[in-house]
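These notes concern the structure reproduced below.
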Amino acid sequence: MNKRIILAITGASGAVYGRRTLQALAAEGVELWVSISDAARVIIRNELGMNLERDNPDLGKFAGVKDVKYVSPHCAEAPPASGSFPVDGMAIVPCSMSTLGAIASGHGDNLIHRTADVTLKERRTLVLVPRESPLSAIHLENMLRLARAGAIILPASPGFYHGPRSVDDMVDFIVSRVLDAFGVENSLVRRWGR
């Protein structure tokens, strides 16, 4: 049976990480439920030159994928908001510091925050890919709090041992680690020792 993963894209710089994660998970046959925050749509417009509709973005145009379920971050009654909705986990790529802070405090005001909270309480895999620099003590404390609660903090800090030749190679390094966290086989980068 294919994995079912929720992918959220929030308003941190690095929209390319979210788009590439969407592409890579879809290519591996993962059943995807996607939500894109309002701030992320602004970042996507600024960084990728694409305008996405608020409640029904064209994910085919955005990432070249199909058969992906989109849920608005404003839809509180969407299936991912409930612990009874079976999923393997959730990834937030990239994860803004405001999203990370809302999850860390247990105070969410949208579907993305609620779904992350449910993912933690159900002891499912939650991968957060923060893309911020430098980090304040508040950012670090929120990350520590979430790591202690069971989240995987996977900063968008690519390695270089695989010999990247392009920005895409560096993006794929991070995306490969996200897929690894869910046990999704991939060959996005050359593995250490191979």
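Bear in mind these aren't lab numbers, they're just calculated from the coordinates by the rules spelled out. Owing to the predicted nature of the structure, the values given are computational and were not obtained by experimental measurement. In this analysis, Cβ positions are derived from the backbone assuming ideal geometry, glycine residues included, and neighbour counts consider all displayed protein chains.
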Item to complete: Report the full-extension gain for the segment Arg4 to Ala149: residue separation times 0.36 nm, less the Cα-Cα distance, to one decimal in nm.
Response: 50.0 nm
Worksheet item: At 222 nm, what helix-only mean residue ellipticity would the chain give, in deg cm²/dmol to the nearest 500, using -39500 (n - 2.57) for each DSSP H run of four or more?
Response: -12000 deg cm²/dmol
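What is the calculated FRET efficiency for Ala27 to Ile138, with r their C-beta to C-beta distance and R₀ = 45 Å, to the nearest 0.05? All intermediate terms of the calculation are to be shown ahead of the outcome.
Details: r = 37 Å, r/R0 = 0.81.
E(calc), rounded to 0.05, equals 0.80.
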Response to the item:
The set of residues whose placed amide H lies less than 5 Å from the amide H of Ala8, leaving out same-chain residues fewer than 5 positions away, is Ser35, Ala91, Ile92, Val93
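Order by neighbour count: Ile103, Ile9, fewest other Cβ atoms within 10 Å first, most last. Walk me through the intermediate numbers first.
Numbers: Ile103 27, Ile9 34.
Fewest to most other Cβ atoms nearby, the residues stand as Ile103, Ile9.
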Worksheet item: If you compute P(r) over Cα pairs in 5 Å bins from 0, in percent for the structure shown, which of [x] 1, 7, 16, 19, 19, 14, 11, 7, 4, 1, 0; [y] 1, 7, 15, 17, 16, 12, 9, 8, 6, 4, 2, 1, 0, 0, 0; [z] 1, 8, 18, 22, 22, 17, 9, 3, 1, 0 do you land on?
Response: [z]
Worksheet item: In a shell of Cβ-Cβ distance under 12 Å around Ala15, excluding Ala15 itself, what net charge do Lys and Arg (+1) and Asp and Glu (-1) give?
Response: +4
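State which stretch of the chain is the longest one without any exposed GluC sites (Glu not before Pro), exposure meaning a DSSP loop state and at most 11 other Cβ atoms within 10 Å. Mind showing how you got there, number by number?
On the way: sites that count: Glu53, Glu77, Glu185.
Excluding the exposed sites themselves, the longest stretch runs over 78-184.
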Worksheet item: Given the options Ile92, Ile153, Ile138, which has the most mean-square fluctuation in a GNM of the chain, springs set between C-alpha atoms less than 10 angstrom apart?
Response: Ile138
Discussion item. Modelling each spin label as a point 7 Å along the Cα-to-Cβ direction, I'd like the Asn51/Asp169 distance in nm, to one decimal.
Written reply: 3.7 nm
Worksheet item: Roughly how big is the chain's charge dipole about its Cα centre, with Cβ charges of +1 (Lys, Arg) and -1 (Asp, Glu), in debye to the nearest 20?
Response: 380 debye
Discussion item. Less than 13 Å Cβ to Cβ from Ile43, Lys/Arg counted +1 and Asp/Glu -1: what total charge do the surrounding residues give?
Written reply: +1
Item to complete: Using Cα pairs closer than 8 Å and at least 6 residues apart in sequence, work out the relative contact order for the stretch 4-181, in percent.
Response: 24 percent
